Ligand SMILES: Cc1cc2nc3c(=O)[nH]c(=O)nc-3n(C[C@H](O)[C@H](O)[C@H](O)COP(=O)(O)O)c2cc1C
């Protein structure tokens with residue numbers, strides 16, 4: 001299996017399966033001398049971990065990270081940072097039903113077709129448990145890119161949409177509820193909807209919005225490696241993601257150029273920010289903001305029809321502990337992927353700043 005490494009200079013190589021011994025990674029290219037806030041790293045893992053509230057999967061995992069290398073006296077040494085998060089709460093018997101049959105719209109069928117032999121327990125490598133490694137690397141990247149600030153929140157669950165722009169929201173209120181939506185009334189309606197869907201044994205999709213503030217001008221390599229192209233790849237690599245848009249996104253299609261253009265102030269900032277902080281693939285110093293769409297995930301705790309390995313139709317029913325809606329747990333994953341891109345492009349910019 002190729003493609004387990006993300007990034008150019010700040011690089012994460014991730015490993016592990018859902019019900020294997022551990023999930024983990026090696027971070028290559030993190031500069032030396034970065035004093036790490038370990039509590040902040042664990043806090044991001046806790047925001048992603050299963051079992052944290054009644055609206056997410058009830059698998060109980062402490063998700064404690066153990067670092068094996070690259071850190072001395074609390075600071076990075078510039079050598080590879082190896083880490084592991086041991087799996088402690090697997091219930092592999094819950095997955096016997098997908099050993100020989102395939103959950104529609106999950107990765108079971110394509111893994112079997114491509115690799116011929118797969119670890120089906122908990123979805124194996126296709127499980128979003130892999131994203132715990134991203135969250136560790138992203139939490140370190142966040143500390144590297146400071147004073148840039150990266151904040152994500154849930155802006156839609158099913159049809160329930162928060163239309164308020166991020167600039168009018170209290171982004172300090174994101175963690176005030178289990179949904180991670182900074183509008184308390186909307187959060188409560190979203191929570192009710194997720195609970196209703198859970199009781200039906202069904203799942204529902206949602207949107208995570210993200211904003212990056214204090215971005216320096218000049219990040220992004222402007223032909224194939226545009227900053228928004230890398231952010232798009234980062235977000236679209238997250239399990240269950242179906243869409244990415246930045247700045248005005250698809251809504252910009254309905255505007256005229258005269259409405260859409262971001263007029264300059266004399267200091268180079270812009271009056272509006274339809275560009276989403278990126279022009280020509282390069283950051284322009286304004287906030288970067290984008291949205292990520294997540295599908296209603298595949299595992300249903302209700303009867304469904306599918307096929308087995310021989311193509312026979314089989315009736316089955318999902319078992320185990322699954323997320324009825326993944327966006328509350330996806331918030332720290334989106335932040336992590338954004339942080340890794342910003343760290344990578346910050347380091348690339350340091351190499352390229354002499355107009356290389
Ligand atoms: C935080 C998070 C939790 C997830 N939990 C589940 C789950 O409980 N059940 C499920 O079927 N898929 C879940 N997924 C999605 C699957 O991992 C994903 O749909 C699957 O690997 C197939 O990939 P694709 O949807 O990107 O095509 C989760 C995704 C994320 C981001």
Hits in the range 35-67 - residues which are over 22 Å from residue 89 (Cβ atoms) and surrounded by fewer than 18 Cβ atoms within 10 Å (Cβ to Cβ) = 35, 37, 38, 39, 40
Within the range 115-132, restricting attention to residues that are away from the ligand (no atom under 13 Å from the Cβ) and assigned to a helix (DSSP H, G or I), which residue is nearest to the chain's Cα centre (by Cα)?
-> 121
Of all residues in the range 309-321, which are within 16 Å of the ligand (Cβ to nearest atom) and either surrounded by 15 or more Cβ atoms within 10 Å (Cβ to Cβ) or on the phi > 0 side of the Ramachandran plot (or both)?
-> 316, 318, 319, 320, 321
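Quick grid of which residues meet (1) at pLDDT below 95; (2) assigned to a loop (DSSP other than H, G, I, E, B); (3) in contact with a strand residue (DSSP E or B) (Cβ under 7 Å, 6 or more places away or on another chain):
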residue: 9; (1), (2), (3): no, yes, no
residue: 15; (1), (2), (3): no, no, yes
residue: 23; (1), (2), (3): no, no, yes
residue: 26; (1), (2), (3): no, no, yes
residue: 30; (1), (2), (3): no, yes, yes
residue: 33; (1), (2), (3): no, yes, yes
residue: 41; (1), (2), (3): no, no, yes
residue: 61; (1), (2), (3): yes, yes, no
residue: 93; (1), (2), (3): yes, no, no
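To keep it simple, each residue is scored yes or no on (1) closer than 16 Å to residue 327 by Cα; (2) at pLDDT 95 or above; (3) in a helix (DSSP H, G or I).
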position: 138; (1), (2), (3): no, yes, yes
position: 147; (1), (2), (3): no, yes, no
position: 153; (1), (2), (3): yes, yes, no
position: 156; (1), (2), (3): yes, yes, no
position: 167; (1), (2), (3): no, yes, yes
position: 172; (1), (2), (3): no, yes, yes
position: 187; (1), (2), (3): yes, yes, yes
position: 192; (1), (2), (3): yes, yes, yes
Screening 324, 332 for residues that are buried (at least 24 other Cβ atoms within 10 Å of the Cβ), in contact (Cβ under 8 Å) with a residue 60 or more places away in the chain and part of a loop (DSSP other than H, G, I, E, B) leaves only 324
Has the range 269-285 got at least one residue that is in contact with a helix residue (DSSP H, G or I) (Cβ under 9 Å, 6 or more places away or on another chain) and within 16 Å of the ligand (Cβ to nearest atom)?
-> no
Answer yes or no: is there a residue in the range 273-291 that is within 14 Å of the chain's Cα centre (by Cα), assigned to a strand (DSSP E or B) and surrounded by 12 or more Cβ atoms within 10 Å (Cβ to Cβ).
-> yes
State whether one or more residues within the range 76-94 are without any contact (Cβ under 8 Å) to a residue 24 or more places away in the chain, farther than 27 Å from residue 7 by Cβ and surrounded by fewer than 17 Cβ atoms within 10 Å (Cβ to Cβ).
-> yes
Scanning the range 246-266 residue by residue, the ones that are assigned to a strand (DSSP E or B), within 19 Å of residue 209 (Cβ to Cβ) and out of contact with any helix residue (DSSP H, G or I) (no Cβ under 7 Å at 6 or more places or on another chain) total 0
Mind listing just one residue for me: the one in the range 218-235 that is touching a strand residue (DSSP E or B) at 6+ places or on another chain (Cβ under 6 Å) and on the phi < 0 side of the Ramachandran plot and, of those, farthest from the ligand (Cβ to nearest atom)?
-> 222
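The values are calculated or read from the model by the stated rules, or taken from the named source; none is laboratory data. Keep in mind the model is a prediction, meaning the values are calculated, not measured. Note: ideal-geometry Cβ built from the backbone for every residue, glycine included; neighbour counts use all protein chains shown.
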